Each structure stands twice: as structure tokens, then as C-alpha cells.
Amino acid sequence: MKNIGILGSTGSIGTQTLEIVRNNRDLQVVALAAGSNVALMEKQVREFHPKAAVMWSSQAASDLKDRLKDTDTTVLCGMEGLLEISVMEELEVLVTAVVGMIGIRPTIAAIKAGKTIALANKETLVTAGHLSMPLARKEKVSILPVDSEHSAIFQSMHGENRERVSKILLTASGGPFRGKKREELEKITVEDALKHPNWSMGRKITVDSATLVNKGLEVIEAKWLFGVEPENIQVLVHPQSIVHSMVEYVDGGIMAQLGMPDMKLPIQYALFYPDRRPMEGRRVDFFELGALTFEKPDTDTFQGLPLAYEAINTGGSMPTVLNAANERAVALFLDHKIRFLQIYDLIRGAMENHKPIADPTVEEILEAEKWTYEYISEVLQKK
């Protein structure tokens, strides 16, 4: 029996993780955490019987506590609750699937407690990779990537000498607007941006895929996860989303991981690594597929990628500003308050006006995030 906890259990990654638990009786859920979806959390607690459940807001926690009076599950609240479940003695694997900076402190606490991390929280690496990865090495803790591309890279490096890696080839679907030019994106709607051609994901990450910001963040993550410099991480647009990423070695040989675009694949791989478990679902039919194609990304139109390379090359707190500006800009876009292309404008403006802090602490990372939010609020007030 393997005891797992899930931060972000009501989101896309969290609910798919629980699907895997349903099909594998040797997985036991000991802790769940979510933001504000009390109704779904109640259902999850009644099905999986965790020892503890955390809601981010005190109101949601109070509501959940009332609903679960007839159970033995302890209801906790906020950051204190997240930190408490992240270091539970019986916890073995922590799935960090929360969105945003709130994932950093619980992940670091879990690493210090020696827990295996199934990582789906981008901020842990994008903004705090310089803190989390050295700590994981010091504590001899495994960081197992849940993101499909990083899982593919991880699998392509399995059994290989990482010092013999010459290049990472990170694939991107191209999103719903692949092939369009900047002028065609002027009147893009929220509904248009949420129509991803291949993947079923949350709203924010679907927009991030459309802007290519998501791929830029993945470049930053790959740098920290695999110790490969950004100039040796190449992004390829691969519309079929079958090749999830590749690794080129010094002899010119390339290892790739292929499969259907299904997030349950990398989630299950992380939960059972190094074992592989059977899983229901569609298989790749190469006769039906016919061909696999690759394209160079259009970085003039989709500026998320060059902005990310600029942020990681600047270093320090700049990736935090990139991430925070994008988070706020996408939220504004989803609220119909800005246009699609203004996402890039807000990110660029924040990066140009920020004075980077070298080697920031967690507190300085959170301050940089706060500064970014305030900057964007001021920009919008002036318009």
C-alpha cells in the first residue's frame, strides 16, 4: 500500500489522479487539499476517506467541516493546513497539483520531510527552482515530473548518463491558433482560446498553451529538473501531440517518449515509478496516424516563448515576474477585461519595469509576485 496526498484534488490533475486511485487498490489517499470547491471535496472525502482535508479559505473549511461531521476526516484550513498535511508521517508521495505560488512552501516542507514529490506545480521550479532542486538533492528526495513533456524527458533519460545529454527537444502542440498571424489574433475570444485541439486541461493552462507561455515556463522547469541550460533546450511544434518530448545525446542518438495525449499516463508513471502499471485507454495507431510532423515555433506572433527565454537568462526574480504577470493577465483575459494580445503586453511591461533580485528567498519571491500584481493594477487603472 502506498500512501499519497494530493494538493489541488478538485482540479484537472487532481481529479485525474483520483481516477488512477480508483483503478489501483494499493494506493491509499491520506490527505486532500483544494481551494473553494466544497461540494466536490465532500464527494472526494466520502469516497476516499482521507485522514485530513484542507480548504484554502476559512469559509470553505467551515462549510466542509459542517458537511463532514459524520466522518473521521479532520478538516484544516489555509497555508497552515497545507503545511501540516505535506509532512504527515504516513504520507509517502505528495502530488503537488495546486496552481500558483501557494504550492512552493508545502512542496519545500515535504522535501525537507523526505517525501517523494509528484510535481505538477510549475511555480516550484519556475520561481523557486534554485531553492527546491538543491534541497531535493541534499535530502535525497525524488522529484518526479507529472507534466507530460517533462515526464517524457525523464523517461527518455532513464538508464542514461545525464552528462551525455546534448539537447532537450521539448514538443508543443501549437495550441488552437497554430499558423495564425498576429493580426488574426486581434479579435480572439475567450471561447476561441479554450478550444485546445488535443488536450483536455484547466482553463488557465489551456490559454497558456495558446500563447506559448506554457511552453516557455516548461523550458524554465526543464532547466532546473534536468540541469540543461536554456540554449540547449529546443522547442518544436508537433501538432499531433504524440511525441511528448525527446532527448538528444552526444553521439547524435535521440530517445523519445510517445503516447496518446492523456495526462493520466504521466500521473500514473510518477505514482508507481519505476514500475509501469496497466492502464485502460486508447493506444497510438500509427497506420491511422500516417505521419508525425514538426515545425519551428512562430515566436514573432506567439511571444510567450521568447519572453520566457529572456526571463531565465536574466535569472533571479525575473521568472517570478514572468509567471505572476502571466497569471494575472490570463485571469483578466478569462474575465473578458483584456484582449488576447494584451497578455503579452502586460508580461513585457512588468519584466521591463522590474529590478531583478539575484538568488531570491521564498519571501523575496512572494514580494516579487506582489510587486507584479500591483504593477499590473496600476497599468490598468491608467487606461
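The values are calculated or read from the model by the stated rules, or taken from the named source; none is laboratory data. Note that this is a predicted model, so its numbers are computed, not measured. Neighbour counts are summed over all protein chains in view; Cβ atoms, including those assigned to glycine, are modelled from backbone coordinates with ideal geometry.
Residue by residue, here is whether (1) in the same structural domain as residue 105 (by TED's automatic domain parsing); (2) under 13 Å from residue 222 (Cα atoms); (3) under 14 Å from the mean Cα position of the chain (by Cα); (4) surrounded by fewer than 24 Cβ atoms within 10 Å (Cβ to Cβ) holds:
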residue: 118; (1), (2), (3), (4): yes, no, yes, no
residue: 124; (1), (2), (3), (4): yes, yes, yes, no
residue: 131; (1), (2), (3), (4): yes, no, no, yes
residue: 140; (1), (2), (3), (4): yes, no, no, yes
residue: 153; (1), (2), (3), (4): no, yes, no, no
residue: 168; (1), (2), (3), (4): no, yes, no, no
residue: 172; (1), (2), (3), (4): no, no, no, no
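Residues in the stretch 142-151 that are buried (at least 19 other Cβ atoms within 10 Å of the Cβ) and of a type in the set (S, T, N, Q): 2 in all.
Scanning the stretch 345-367 for residues that are crowded, with 23+ Cβ neighbours inside 10 Å and either assigned by TED's automatic domain parsing to the domain that holds residue 121 or not β-branched (Val, Ile, Thr) (or both) yields a total of 1.
Selection within the stretch 259-318: residues that are among the hydroxyl-bearing types (Ser, Thr, Tyr) and out of contact with any helix residue (DSSP H, G or I) (no Cβ under 7 Å at 6 or more places or on another chain). The member of this set that is farthest from residue 236 (Cα to Cα) is 273. Which residues, taken from the stretch 146-170, are assigned to a strand (DSSP E or B) and of a type in the set (D, E, K, R)? Answer for the stretch 146-170, where residues must be assigned to a strand (DSSP E or B) and of a type in the set (D, E, K, R): just 167. Among the residues making up the stretch 1-43, those that are assigned to a strand (DSSP E or B) and crowded, with 23+ Cβ neighbours inside 10 Å are 4, 5, 6, 7, 31, 32, 33, 34.
Quick check, is residue 194 under 15 Å from residue 237 (Cβ atoms) and not assigned by TED's automatic domain parsing to the domain that holds residue 321?
no
One residue stands out among those in the stretch 64-89 that are of a type in the set (A, V, I, L, M), assigned to a loop (DSSP other than H, G, I, E, B) and in contact with a strand residue (DSSP E or B) (Cβ under 7 Å, 6 or more places away or on another chain): the one that is nearest to residue 270 (Cα to Cα), which is 88.
Selection over the stretch 303-342 of residues that are within 20 Å of the chain's Cα centre (by Cα), part of a loop (DSSP other than H, G, I, E, B) and under 22 Å from residue 185 (Cβ atoms) gives a count of 1. Put simply, of 182, 203, 178 the only residue that is of a type outside the set (Asp, Glu) and either over 19 Å from residue 341 (Cβ atoms) or surrounded by 16 or more Cβ atoms within 10 Å (Cβ to Cβ) (or both) is 178.
If you go through the stretch 249-263 and pick out every residue that is over 29 Å from the mean Cα position of the chain (by Cα) and surrounded by 14 or more Cβ atoms within 10 Å (Cβ to Cβ), you end up with 0. Looking at the stretch 48-59, is at least one residue in contact (Cβ under 8 Å) with a residue 60 or more places away in the chain and in contact with a Gly (Cβ under 8 Å, 6 or more places away or on another chain)? Within the stretch 48-59 (the criterion being in contact (Cβ under 8 Å) with a residue 60 or more places away in the chain and in contact with a Gly (Cβ under 8 Å, 6 or more places away or on another chain)), the answer is no, since none of the residues qualifies. Quick check: is even one residue across the stretch 56-63 modelled with pLDDT of 95 or more and assigned to a strand (DSSP E or B)? No, that holds for no residue.
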